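The values are calculated or read from the model by the stated rules, or taken from the named source; none is laboratory data. Quantities reported herein were computed from a predicted structural model and do not represent experimental measurements. With ideal geometry, Cβ positions are generated from the backbone for all residues, glycine too; neighbour counts draw on all protein chains shown. In case anyone asks, the SASA skips ligands and DNA or RNA and just uses the protein heavy atoms, side chains included. Shrake-Rupley method; radii C 1.70, N 1.55, O 1.52, S 1.80 Å.
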Amino acid sequence: MWAKTAAPGSAFTAFNSYGVELRYRMVTQDPEDAPPFAPLVRVAVKRLVLDREALQPEADIVGSYQTGIVHALFDLGFDGQISQDAHHFEVKPGAGVSIEVVDQLRFGAEAFAEIKLDDNGGSTWATIGPNMAWSHGRTWISAAFGIGVYNIKDTGRLQWGIAF
């Protein structure tokens, strides 16, 4: 989701938002007792860097399935951008499959889309491409390179997190 953008050729950061996020995994995280299917809900509220008056609420329903070295995941997300002047809402579905190649390092593929629900900005697009993920203790990082299949050429995504 895009807020106000800088003028072409001007210096700006790609850091677009910050906020707080809460996740609740509905099953145990203990590898000995965890079932193969693990549902999770996530809610977040973020502030946009380039538009300090706007808030970005988010919600996701996530399901993951683990069997041996194969891990599959689906994510049905929703987010919005709300300010005094305007609002914008999107659905963000995604799915992926990865294989653990060495301890906690996975490679795979994913599909991801952003589907706008109104005429207040943004565009609908979809990608598919390779991904990787690595975790160590409570820290994780994932990266993906999406090749456009609808209304976009390509896009990269990098995520880092710490579980508390």
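For segment 133-144, state whether one or more residues are surrounded by 15 or more Cβ atoms within 10 Å (Cβ to Cβ) and farther than 22 Å from Gln29 by Cβ. Taking every residue of segment 133-144 in turn, at least one turns out to be surrounded by 15 or more Cβ atoms within 10 Å (Cβ to Cβ) and farther than 22 Å from Gln29 by Cβ. Summed over segment 36-50, residues that are within 18 Å of Val70 (Cα to Cα) and open to solvent by 50 Å² or more (accessible area, probe 1.4 Å) total 2. Among the residues of segment 67-85, those identified as open to solvent by 50 Å² or more (accessible area, probe 1.4 Å) and over 15 Å from Ala111 (Cα atoms) are Thr67, Gly68, Ile69, Val70, Phe78, Ile82, Gln84, Asp85. For segment 149-164, a residue qualifies if it is part of a strand (DSSP E or B) and either open to solvent by 50 Å² or more (accessible area, probe 1.4 Å) or closer than 12 Å to Glu110 by Cα (or both), and the qualifying residues are Val149, Tyr150, Asp154, Gly156, Arg157, Leu158, Gln159, Trp160, Ile162. Within segment 53-66, being open to solvent by less than 40 Å² (accessible area, probe 1.4 Å) and not in a strand (DSSP E or B) holds for one residue alone: Ala54.
Among the residues of segment 123-132, those identified as within 22 Å of Ile69 (Cβ to Cβ) and open to solvent by less than 60 Å² (accessible area, probe 1.4 Å) are Gly129, Asn131, Met132. Checking Asn120 against (1) open to solvent by 40 Å² or more (accessible area, probe 1.4 Å); (2) under 17 Å from the mean Cα position of the chain (by Cα); (3) among the polar types (S, T, N, Q), which single condition isn't satisfied? For Asn120, the failing item is (2).
Do we have any residue at all in segment 5-25 that's more than 17 Å from Ala133 (Cβ to Cβ), crowded, with 16+ Cβ neighbours inside 10 Å and either at pLDDT 90 or above or under 21 Å from the mean Cα position of the chain (by Cα) (or both)? Yes, segment 5-25 contains at least one residue that is more than 17 Å from Ala133 (Cβ to Cβ), crowded, with 16+ Cβ neighbours inside 10 Å and either at pLDDT 90 or above or under 21 Å from the mean Cα position of the chain (by Cα) (or both).
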